[in-house]
Amino acid sequence: MNSLLEPGMLVRNPAEPDWGLGQVQSNINGKITVNFENMGKMTLDATRVDLTLQFDV
């Protein structure tokens, strides 16, 4: 699923719900950069985290 994420998509990290809603900034070679509302910009390893798309905001 992470490989389908594109800049602008809204996501959540179910393992870290306190991070809040995040917007994908980039997805390059298995590294996903997301700007989370409560955590700021984070670069995540796509093999270690399973982000979920957020459709209803």
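Computed from the coordinates by the stated procedures, all read-outs in this text should not be read as laboratory data. In this text the structure is predicted, and so the values were computed from the model without any measurement. In this analysis, Cβ positions are derived from the backbone assuming ideal geometry, glycine residues included, and neighbour counts consider all displayed protein chains.
Miscellaneous remarks
- Shape of the chain, Cα gyration tensor, a/c cut at 1.5: rounded
- Label sites at residue 33 and residue 10, each approximated as a point 7 angstrom past Cα along Cα to Cβ, lie 2.2 nm apart.
- Here each label is just a point 7 Å from Cα along the line to Cβ, and for residue 41 and residue 25 those points are 0.3 nm apart.
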